[in-house]
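**Q** Mind having a look at this structure? Questions to follow.
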């Protein structure tokens, strides 16, 4: 196995203007075997293609790449088929071209005839060797691509979804063969299904939106489990659980805004936090609020929730109530789900993860009311969405900080409030848990009738689905 590291240093690569990888910093050390994973369209295949020399380098450095890199991918498969079609001169020669036979397609790059014969027999391709390559099925074509790669004596093997289209016997054989090959050849796999990750993989790279966001060592069980949970949140098709039909909120005016502030001002004796702020939040209109420390983000939220004393001297309409006209704070808060770091600090009661979510139906810290079977089922559905099934009875205080934050967001969403306020939900989180929280918020934004008000310091922590932005300070 090569003793040279493959290094990508702040590398940005363009692919025909269709997709771009940005600022990739990554090192593949000798004896490491990598899995690249992420959601569809995240850039997994693009990153694999870079290792095969593809793409236009915009900036940064790629070094240590061996000369003989074998790539198997749907794109390479399509290119080979396209090349075969270009050889068809039927229009010119007035003959029907049969295309290049499978035997020649394999022989074109083969450097190990003995291995090629073994693989052809093992993968059941012997009856197809004289057939035109372009006339094979998708699975048969994939087998030919694999044989080409494995018999070319690669110094680096890059396989993009190598298990797709294979029957069970072929799949089992390939997994075993790759495990043996990985002892001498550096291997990079691209997989959509995290549960297909072979045992020989030592490291995992997580890609999202053209960026390499996580690099996890397989032996780090906590980090590996968190990455698995992140992929679950990003890629599973589970829907946000329904509300409890036994708990209903008074209907809102469908034509009116959820919140309207007119020339809102918060001023202390020696400090004006903000002034003359006009802001309207309509139903199903998600907002990100950002700004530096002291710009008034949390102060603005407390005007909406009714926790700030100056809410009564401002022109504020929330959920059809004009503040200061006799409404109670609980009439306002019944329409709001709220998550903040302060709430997480306060939520120190000794109760189970399931009960934390159920407490959201009652806006309580802890559960002091007997829950219904429906509420327990909804809480368990939330745990499945979070990728935490089977952990319902674990104590909330025993969870990691990021897991607690996920549970509290589910708690806030349990009653399906018209407005979900997330005050700095990523504060105090490491990078992996921050991505977990952002993935859950993204899923909630897609889910239906809850409007999300997402407050943070940085505009770059954007979430797909949140199209509106209010910058303070």
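The values are calculated or read from the model by the stated rules, or taken from the named source; none is laboratory data. Values in this document were obtained by computation on a predicted structure and should not be read as measured data. Note: ideal-geometry Cβ built from the backbone for every residue, glycine included; neighbour counts use all protein chains shown.
**Q** For residue 223, which of the numbered conditions (1) outside the structural domain of residue 52 (by TED's automatic domain parsing); (2) within 28 Å of residue 463 (Cα to Cα); (3) in contact with a strand residue (DSSP E or B) (Cβ under 9 Å, 6 or more places away or on another chain) fails to hold?
**A** Only one criterion is unmet by residue 223, namely (1).
**Q** State all residues of the stretch 8-62 that are at negative phi, assigned to a loop (DSSP other than H, G, I, E, B) and more than 17 Å from the chain's Cα centre (by Cα); if no residue qualifies, say none.
**A** So in the stretch 8-62, the residues at negative phi come out as 8-9, 11-15, 18-22, 24-30, 32-37, 39-40, 42, 44-52, 54, 56-59, 61-62.
With assigned to a loop (DSSP other than H, G, I, E, B) added as a condition, the list becomes 18, 29-30, 32-33, 39-40, 42, 52, 54.
Those that are at negative phi, assigned to a loop (DSSP other than H, G, I, E, B) and more than 17 Å from the chain's Cα centre (by Cα): 18, 29, 30, 32, 33, 52, 54.
One line per residue, one yes/no per condition, for (1) assigned to a strand (DSSP E or B); (2) assigned by TED's automatic domain parsing to the domain that holds residue 439; (3) under 24 Å from the mean Cα position of the chain (by Cα); (4) surrounded by fewer than 16 Cβ atoms within 10 Å (Cβ to Cβ):
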site	(1), (2), (3), (4)
153	no, no, no, yes
163	no, no, yes, no
169	no, no, no, yes
172	no, no, no, yes
175	no, no, no, no
178	no, no, no, no
199	no, no, yes, yes
207	yes, no, yes, no
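**Q** Can you find, within the stretch 277-295, the residue that is surrounded by the fewest Cβ atoms within 10 Å (Cβ to Cβ) among those that are out of contact with any helix residue (DSSP H, G or I) (no Cβ under 6 Å at 6 or more places or on another chain) and in a strand (DSSP E or B)?
**A** Filtering the stretch 277-295 for residues out of contact with any helix residue (DSSP H, G or I) (no Cβ under 6 Å at 6 or more places or on another chain) gives 277-285, 287-288, 290, 292-295.
Those left that are additionally in a strand (DSSP E or B): 277-281, 287-288, 290.
Details: 277: 18, 278: 10, 279: 17, 280: 12, 281: 19, 287: 19, 288: 22, 290: 20.
For the stretch 277-295, the residue satisfying everything is 278.
**Q** Among the numbered criteria (1) closer than 24 Å to residue 334 by Cβ; (2) crowded, with 22+ Cβ neighbours inside 10 Å; (3) in contact (Cβ under 8 Å) with a residue 60 or more places away in the chain, which one does residue 435 miss?
**A** Single failed check for residue 435: (1).
**Q** Restricting the stretch 259-275 to residues that are under 18 Å from residue 289 (Cβ atoms) and touching a helix residue (DSSP H, G or I) at 6+ places or on another chain (Cβ under 9 Å), which is surrounded by the fewest Cβ atoms within 10 Å (Cβ to Cβ)?
**A** Going through the qualifying residues, I end up with 265.
**Q** Going by what's in this entry, would residue 304 be described as in contact (Cβ under 8 Å) with a residue 24 or more places away in the chain, over 30 Å from residue 390 (Cα atoms) and not in a loop (DSSP other than H, G, I, E, B)?
**A** Numbers: in contact (Cβ under 8 Å) with a residue 24 or more places away in the chain: yes; over 30 Å from residue 390 (Cα atoms): yes; not in a loop (DSSP other than H, G, I, E, B): yes.
Considered against the rule, which asks whether it is in contact (Cβ under 8 Å) with a residue 24 or more places away in the chain, over 30 Å from residue 390 (Cα atoms) and not in a loop (DSSP other than H, G, I, E, B), residue 304 comes out as yes.
**Q** Tally time: how many residues in the stretch 101-150 are assigned to a helix (DSSP H, G or I) and over 20 Å from residue 169 (Cα atoms)? Steps first, answer last, please.
**A** Residues of the stretch 101-150 assigned to a helix (DSSP H, G or I): 102-107, 113-122, 126-128, 133-135, 138-150.
Narrowing further to those that are over 20 Å from residue 169 (Cα atoms): 102-107, 113-114, 133-135.
Result for the stretch 101-150: 11.
**Q** Loosely packed, with under 14 Cβ neighbours inside 10 Å, more than 20 Å from residue 267 (Cα to Cα) and assigned by TED's automatic domain parsing to the domain that holds residue 441: which single residue out of 328, 359, 340 fits that description? Write out each step before concluding.
**A** Numbers: 359 fails: loosely packed, with under 14 Cβ neighbours inside 10 Å; 340 fails: loosely packed, with under 14 Cβ neighbours inside 10 Å.
Criteria check complete, one pass: 328.
**Q** I'd like the full set of residues that are closer than 19 Å to residue 349 by Cβ and either in contact (Cβ under 8 Å) with a residue 60 or more places away in the chain or not assigned by TED's automatic domain parsing to the domain that holds residue 353 (or both), limited to the stretch 363-383.
**A** We begin by selecting, within the stretch 363-383, every residue closer than 19 Å to residue 349 by Cβ; these are 363-371, 375-376, 379, 382-383.
375, 382 - these are the residues of the stretch 363-383 that are closer than 19 Å to residue 349 by Cβ and either in contact (Cβ under 8 Å) with a residue 60 or more places away in the chain or not assigned by TED's automatic domain parsing to the domain that holds residue 353 (or both).
**Q** Counting only residues that are surrounded by fewer than 13 Cβ atoms within 10 Å (Cβ to Cβ) and closer than 13 Å to residue 177 by Cβ, how many does the stretch 102-120 have?
**A** Residues flagged as surrounded by fewer than 13 Cβ atoms within 10 Å (Cβ to Cβ) and closer than 13 Å to residue 177 by Cβ within the stretch 102-120 amount to 0.
**Q** Would you kindly identify the helices (runs of 4 or more DSSP H) lying entirely within the stretch 315-430 that contain at least 3 residues that are within 21 Å of the chain's Cα centre (by Cα)? Don't jump to the end; show me each part of the working.
**A** Working: elements: 329-333, 341-346, 353-358, 373-385, 401-413.
Result: 373-385, 401-413.
**Q** Quick check: anything in the stretch 43-52 assigned by TED's automatic domain parsing to the domain that holds residue 210, in contact (Cβ under 8 Å) with a residue 12 or more places away in the chain and surrounded by fewer than 17 Cβ atoms within 10 Å (Cβ to Cβ)?
**A** First pass over the stretch 43-52, keeping only residues assigned by TED's automatic domain parsing to the domain that holds residue 210: 43-52.
Narrowing further to those that are in contact (Cβ under 8 Å) with a residue 12 or more places away in the chain: 43-52.
Filter again for surrounded by fewer than 17 Cβ atoms within 10 Å (Cβ to Cβ), leaving none.
No, the stretch 43-52 contains no residue that is assigned by TED's automatic domain parsing to the domain that holds residue 210, in contact (Cβ under 8 Å) with a residue 12 or more places away in the chain and surrounded by fewer than 17 Cβ atoms within 10 Å (Cβ to Cβ).
**Q** For residue 249, are the conditions met, namely being in a loop (DSSP other than H, G, I, E, B) and more than 26 Å from residue 473 (Cα to Cα)?
**A** Working: in a loop (DSSP other than H, G, I, E, B): yes; more than 26 Å from residue 473 (Cα to Cα): yes.
Here the answer is yes, as residue 249 does meet what is asked.
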